[in-house]
1. Being surrounded by fewer than 19 Cβ atoms within 10 Å (Cβ to Cβ), touching a strand residue (DSSP E or B) at 6+ places or on another chain (Cβ under 9 Å), free of Cβ contacts under 8 Å to residues at least 60 places away in the same chain and of a type in the set (A, V, I, L, M, F, W, C), is that true of even one residue in the range 248-259?
2. When both residues are 6+ apart or on different chains and their Cβ atoms are under 7 Å apart, which pairs have a first residue that lies in the range 127-149 and is closer than 18 Å to residue 206 by Cβ and in contact (Cβ under 8 Å) with a residue 40 or more places away in the chain, and a second that is small (Gly, Ala, Ser) and assigned to a helix (DSSP H, G or I)?
3. Evaluate the range 214-221: report whether one residue or more is of a type in the set (A, V, I, L, M) and modelled with pLDDT under 95.
4. Among the residues of the range 8-29, how many are of a type in the set (D, E, K, R) and within 16 Å of the ligand (Cβ to nearest atom)?
5. So, residue 265, is that one at pLDDT 85 or above, of a type in the set (A, V, I, L, M) and more than 16 Å from the ligand (Cβ to nearest atom) or not?
6. So which strands (runs of 3 or more DSSP E) are wholly in the range 162-275 and hold at least 3 residues that are over 19 Å from residue 57 (Cα atoms)?
7. Give the range 1-15 a look and list any residue that's under 12 Å from residue 103 (Cβ atoms) and at pLDDT 95 or above, or say none.
Amino acid sequence: MRLISSSGNPDLAMVHVAEDEDGRRLEFVDSIQPPRTRGEKWVVIVSTMFGCPVGCQMCDAGGDFQGKVDTEGMLWQVRQAVKERFDNGSPRTDMFKVQFARMGEPALNEEVLDALVGLRNEYPETSVYASVSTVGPVVSRAFIDRLKGVRDEHYANGRFQLQFSIHSTDLDVRSRLCPIRTLSFEEMAGVGAGFREPGDKRVTLNFCLIEGIPIDPEVVRRHFDPEHFLIKLTPLNPTDRARSAGLRTLIEKDREEAAQSYIDAFREQGFDVLLSIGEYEENRIGSNCGQYLGRIAAR
Ligand code: SF4
């Protein structure tokens with residue numbers, strides 16, 4: 001694997017593109033989350049696949065799937081990001097978070113489990129946190145069972161975050177947005193609740209807020225227990241695929257209040273709600289989603 005470009009704002013987020021010996025490309029990101037400094041929290045977001053076979057309507061990673069990234073390829077992305085940002089190859093930060101959430105559906109790549117173990121072994125002196133974000137394909141039940149074993153051994157006591165990306169409570173709409181057979185809400189609720197141990201973070205249910213896409217907090221409550229799940233609301237990132245599919249974000253700069261009715265409705269159902277907007281500059285940088293590779297391919 002070799003790094004072929006890095007761009008962005010080193011004080012906020014950088015998107016890196018790498019290519020393997022077969023010419024397959026992936027992107028990975030390193031970023032901070034203001035107001036926290038890099039010394040307080042530093043995030044690396046790695047790709048688990050070259051492209052993605054799922055092809056979600058809102059994500060530019062889909063459409064051009066060229067295979068899975070192996071364990072070494074995932075660890076290489078982390079190592080490379082550390083090398084770019086810290087002189088001695090050791091991340092000096094109170095919270096070093098690695099998210100398996102860039103290009104690729106992690107639950108379709110078993111080697112993510114080995115990469116999670118490798119990550120802990122590679123940075124034994126550092127406070128490593130990890131997260132896996134999945135749309136919940138049917139096969140993810142077995143993956144999450146094994147993930148739980150890795151979490152118990154290497155990321156106990158709140159160092160691990162599991163996220164299900166749901167986006168709509170209308171099943172037909174959901175399968176249009178994420179065109180793969182997924183776990184039912186009931187199955188997801190069972191898998192998620194079973195994943196948690198005392199002291200663990202709650203499992204996140206992510207909804208990106210899109211104009212006209214139905215989200216019913218009562219339906220969510222019918223299946224998911226607020227004791228085990230929290231709600232994360234995010235904007236729709238300005239990807240090419242979202243634009244082609246005619247999807248428009250409900251919240252954007254100076255229009256964040258559009259999320260308030262959802263926040264209130266989820267809170268009424270007993271959920272904790274996190275509105276995660278990030279920095280709008282990241283849209284320009286392309287560090288929010290699978291935007292960047294498409295952008296450089298179009299040049
Ligand atoms: S959102 Fe995730 S699962 Fe869907 S196409 Fe993008 S990378 Fe794949």
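The values are calculated or read from the model by the stated rules, or taken from the named source; none is laboratory data. Since we're looking at a predicted model, the values are computed, not measured. No Cβ is skipped: glycine too gets one built from the backbone with ideal geometry, and neighbour counts run over all protein chains shown.
1. Yes, the range 248-259 has at least one match.
2. From the range 127-149, the pairs are 137/107; 140/107.
3. Scanning the range 214-221 turns up no residue that is of a type in the set (A, V, I, L, M) and modelled with pLDDT under 95.
4. Residues meeting the conditions: 3.
5. Yes.
6. 229-235, 273-275
7. Of everything in the range 1-15, nothing turns out to be under 12 Å from residue 103 (Cβ atoms) and at pLDDT 95 or above.
Each row is one residue, and each column tells you yes or no for (1) closer than 26 Å to residue 189 by Cβ; (2) at pLDDT 95 or above.
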position: 229; (1), (2): yes, yes
position: 241; (1), (2): no, no
position: 258; (1), (2): no, no
position: 270; (1), (2): yes, yes
position: 274; (1), (2): yes, no
